[in-house]
Amino acid sequence: MSRLAAIGLMLVLSLPVSAADWPQFRGPTANGISTETNLPVKWSAKEGIAWKTAMPGKGVSSPIVVGETVYVTCSSGPRDDRLHLVALDAAKGTIRWQRTIAATGSTTCHPTSCMAAPTPVANANAVYALFATGDLAAFDPQGNPLWYRSLSGDYPTIINQVGMASSPILAGGLLIVPMDNVGDSFIAAVDAKTGVNKWKIARPKDMNWVSPLVRTVNGKEEIIFQAGKELAAYDLATGTKTWAFPHESASIASPLIEGEKILVPGRPLLAGKLGTSGPQSAWTSTKLSTGNSSPLLYQNRVYAANSSGVVTCVDAEKGSVLFQERIKGPFSAAPVGADGKVYIVNEAGQTTVLKAASEPEILATNDLGERTMGSPAISNGRLFIRTDKSIVCVASNPK
Amino acid sequence: MTSPRNFGNWTFAIRILATTLLAPGDPTMIRLTSLIAAFAASLISTGDSLGNDVTDSLRTIRSVGREGQGNEAAAKASRNVISAGLPALIPTLEAFAGSSATAKNWLRSSVSAIVDAESAAARPLPADSLSAFVSKKSNDPEARAIAFKLLATVKPDAAQAMQPTFIDDASLELRRDAISVRLKKDAENTDALMTLFEATRDLDQAEQIAKLLEQKGKKVDLTAHFGYFTTWNLCGPFDSTKGVGFAQSFPAEQGYVAGKKYPGKGGTTVGWKTVTTKAAYGMVDINKELGKSMDAVAYATVQFDSDSDRPCEVRVGSKNAVHIYLNGKKLFEREAYHHGYNMDQHVGFGVLKKGANEVVLKVVQNNQKENWAQDWGFNLRICDETGGKLPLKSKTASQPVSSPVEPVSPEVKK
């Protein structure tokens, strides 16, 4: 190696490693797992908090983190028709910018939800926010508008009186927009730069709150989307349905993929290998029904927190129950796993921290004292939890 | 960037100075004058093109269409508007007028970005311009509400002084907030409460004021306040087996004809029945009035007088599929069953004629078995764009009550 090349290599290797992003619903790989370490274990409303920033409205969406920015959506107003996207400094919690748009679709929903239910998605170039009204907006990291769509305006028969919550994802320069509902039901891929449809595929007219996934198979990317009667895959480039797997799938808890493994929440939950044309079931379980919260696969164990406050942990290979532990529920947030721990946030804002192990061990129960429906994000050694009123950054060393 | 007029003054001043210091005809004088003139001209033309740029950019943003049409150009235009800074703020607010809901959300974000940039540069927003914009009632109501919020950040006293004038504003946001503020002050004053009750357009606020009035011994009619019709001519059921009734037109769709009979569902004969509902907010229970039916269509009509030609909004709440007709013209349809009821969930935009008008509402029930899917009913009101009731005189309410035609079974007909 020449001296110049060696110097170049040293410079590259000495560059600081960037903080792990949490750029979408359930994190970088959409399965609720972070590779971060030295994460906080214990905190309260007054301790272990790096910062807490009041939000302009409520929300059930999860926060996301890209680089040094946290993005979170909220909704407000007597008709819940003011839709906000807030960008905060991840280190300090100061609001960098906030954009507000007016809802152009129905704001009807279940009392526990609101219009800021889908989680945004972002990369280094842009942040994309979908609201339950069908309003879809993209901004650059400085808050300049890139594009905006009124999906309810474009497709006026979109209806979901319980409120929509499926989150968009980015794949191959496209923004995948899931809009299952009982009217004009579809999944669409829009050009991430312009918001113009690349493809739009009709879906079953049914309510569905699950978020899609993307995976690569045989060199091609496909979108995997679960609904009430089946798990389906769509070619990313064209939207062509490539396979469908009939299954009594959940319509709220989302599936996850880890390597070749897939977990499909439903009645029963199915675990197996995801082949080129669908899952091959390894085992199923009726003990892992969760209601609202999506199950977690972490360190070869599946964790499911149900609406009665029971956490069930099963062996991911065999499906055998390792333990069931009653903690305080109910849960809407999906558990997240990192640093040998599983974090489970209940709707009252209490986080139970379990040791990731085959026996139950509660490391801490931490109470923020504010209603919390969205799943936490993990980035740069910190947890970001959004409550109904604020977003909280929890850190091992807050100062 | 200064105005062309100011540069004109500058060049004049420099010329005066030059003529003082240099002799006429001095080559230096001539060169200097030419240079000044050229410089001033370039700046004036730059000022013009900046203005045109913003105007063109706003036009581009306002042109965004369905399914992202125009988004790429709108993004560039938005950047242009934002980079123009403060001079573009009021024009961007003005651009709300006549813009689509989609365009307005683009404009909203542009206004927000301009404001952020000014705040970052520690430059105050133009309170006088914002105040003038808010005061001009012909400006777009949504834009006025945004401008008012901005005014409140730079000159809170001025905003506070304006607020009481908004209780009957075209902006629902300004109206609601103004009423809320007055309520805190006048909760004990019956006359003031009545004024606020007449002004409010929001259900929750109206109910709140009604409660306060009741505590003062004054009962108000919420159903009448929102303009719900309570007396209807109903006809049905007609057959909608397999849902065909939604798309199919039945003769009763042409409107009320006293005494007319039609072939109904299951071989029956049906006619018009006049009903008056006492349910809150004018809810009509078709199951109760015509008998419970599944896979069925009913028509409801109301005739009324308008004192003028005017635009209107026909607003319907129903868990069933509906069509809305005004004077024979379809304004709206929605084929959705049992997805909840909300006030004003379906809106048809139309034009009333001076004199006699008729609304026909088609309400379609499907055949779902669930307990929550059995309701068959509706309510309907006609209002202006603020949701305020229009001065309409129902003629149906004053018609003689027609005798309902009892359905005749096929067996009896034989």
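With 50 Å² as the minimum drop in accessible area between chain alone and full protein complex (1.4 Å probe), the qualifying residues in the range A:158-197 are A:159, A:161, A:194. Remark: accessible area buried at the A-B interface is about 2400 Å², both chains counted, probe radius 1.4 Å.
Would you kindly give the portion of the calculated P(r) for the protein assembly as shown that falls above 46 Å, as a percent of all Cα pairs? In whole percent, the share of Cα-Cα pairs in the protein assembly as shown beyond 46 Å is 36.
Translational diffusion coefficient of the range A:286-333 at 20 °C, 1.002 mPa s, Stokes-Einstein with Kirkwood Rh over Cα pairs, in µm²/s as a whole number. Roughly 205 µm²/s, to the nearest whole number. Candidate cross-link partners of residue B:265 among the lysines, defined by an alpha-carbon separation under 22 Å and a same-chain spacing of 8 or more, comprise B:242, B:273, B:288, B:292, B:319, B:362, B:369, B:413, B:414. The gain in end-to-end length when the residue B:261 to residue B:127 segment is fully stretched comes to 41.6 nm, 0.36 nm per residue minus the alpha carbon separation.
The order of the peptides A:295-301, A:201-207 by mean Cβ neighbours within 10 Å, most packed first, is A:295-301, A:201-207.
Just to check, using Stokes-Einstein with a Kirkwood Rh over alpha carbon pairs, what's the diffusion coefficient of the range A:221-364 at 37 °C and 0.692 mPa s in µm²/s?
Stokes-Einstein gives a translational diffusion coefficient of 213 µm²/s.
Which entries in B:211/B:278; A:318/A:355; B:261/B:329; B:218/B:353; B:136/B:216 show an alpha-carbon gap greater than 31 Å? Flagged as over cut-off: B:218/B:353; B:136/B:216. Heavy atoms of the protein chains alone define the surface here; on that basis chain A has 37 Å² accessible area per residue at 1.4 Å probe size. Close amide H pairs (under 5 Å, H built 1.01 Å from N) link residue A:96 with A:87, A:88, A:89, residues at least 5 positions away or on another chain. Residues in the range B:83-191 average 45 Å² of solvent-accessible surface per residue, probe 1.4 Å, ligands and nucleic acids excluded. Quick one: Debye curve from the C-alpha atoms of the range B:339-400, no solvent, what's log10 I(q)/I(0) at q = 0.14, 0.17, 0.24, 0.30 Å⁻¹? Summing over Cα pairs of the range B:339-400 leads to -0.59, -0.80, -1.21, -1.55.
Projecting label points 7 angstrom from Cα along Cα→Cβ for residue A:315 and residue B:135 puts them 8.0 nm apart. Counting Lys and Arg as +1 and Asp and Glu as -1 over every other residue whose Cβ lies under 13 Å from the Cβ of residue B:192, the net charge comes to +1.
Think of the range B:128-266 as a dipole: +1 on every Lys or Arg Cβ, -1 on every Asp or Glu Cβ, centred on the Cα centre; then among B:170, B:258, B:223, B:258 lies furthest on the positive end. Neighbouring Cβ atoms from other chains, within 10 Å of the Cβ of residues in B:338-345, number 4 on average. Could you work out the local net charge near residue A:374, counting Lys and Arg as +1, Asp and Glu as -1, over the other residues with Cβ closer than 13 Å to its Cβ? Summing Lys/Arg as +1 and Asp/Glu as -1 gives +2. Per-residue 3J(HN,Hα) values for the range A:212-220, derived from phi via the Karplus relation 6.51 cos²θ - 1.76 cosθ + 1.60 with θ = phi - 60°, read x, 10, 10, 9, 10, 9, 6, x, 10 Hz in sequence order (x marks Gly and Pro). Think of each Lys and Arg Cβ as +1 and each Asp and Glu Cβ as -1; about the Cα centre, that makes the dipole of the protein assembly as shown roughly 420 debye.
Restricting the range B:272-370 to trypsin sites (Lys or Arg not before Pro) that sit in a DSSP loop and have at most 15 other Cβ atoms within 10 Å of their own Cβ leaves B:278, B:292, B:353, B:354, B:369.
Every Cα-Cα pair in the range B:278-361 was counted, and those over 18 Å apart are 47% of them. For the range B:90-171, the list of trypsin sites (Lys or Arg not before Pro) that fall in a loop by DSSP and count at most 12 other C-beta atoms within 10 angstrom reads B:136, B:137. For the range A:61-74, 3J(HN,Hα) computed residue by residue from phi via the Karplus equation (6.51, -1.76, 1.60; θ = phi - 60°) reads 6, 8, x, 10, 9, 10, x, 9, 10, 9, 10, 8, 9, 9 Hz, glycine and proline entered as x.
Comparing the range A:10-134 with the 2.2 N^0.38 Å rule of thumb, its C-alpha radius of gyration ratio is 1.18 (two decimals). Rg over Rh for the range A:147-248 works out to 0.95, using Cα positions for both radii and the Kirkwood form for Rh.
Just the protein heavy atoms count here, and of the accessible area of the protein assembly as shown at 1.4 Å, carbon and sulfur take up 54 percent. The sum of -39500 (n - 2.57) across all DSSP H runs of n ≥ 4, divided by the residue count of the protein assembly as shown, sets its helix-only mean residue ellipticity at 222 nm to -7500 deg cm²/dmol.
For the range B:86-209, the spherically averaged projection of the C-alpha convex hull amounts to 8.1 nm². Considered as an equivalent ellipsoid built on the Cα gyration tensor, the range B:155-257 has semi-axes of 42, 18, 11 Å, the largest given first.
Magnitude of the Cβ-charge dipole of chain A, K/R +1 and D/E -1, about the Cα centre, nearest 20 debye?
340 debye
Other protein chain C-beta atoms within 10 Å of residue C-beta, averaged over B:100-111: 6.
Residues whose amide H falls under 5 Å from that of residue A:186, counting only those 5 or more places apart or on a different chain, are A:179, A:180, A:181, A:203, with hydrogens built in the peptide plane.
Taking a Cβ cut-off of under 10 Å around residue A:173, the surrounding Lys, Arg, Asp and Glu residues balance to a net charge of +1, with basic ones at +1 and acidic ones at -1. For the range A:202-243, the share of alpha carbon pairs falling in successive 10 Å distance bins from zero is 28, 56, 15, 1 percent.
The values are calculated or read from the model by the stated rules, or taken from the named source; none is laboratory data. Small disclaimer: the values here were computed from a predicted structure and weren't measured. Note: ideal-geometry Cβ built from the backbone for every residue, glycine included; neighbour counts use all protein chains shown. We work out accessible area using only protein heavy atoms, side chains counted, and drop any ligands, DNA or RNA first. Shrake-Rupley method; radii C 1.70, N 1.55, O 1.52, S 1.80 Å.
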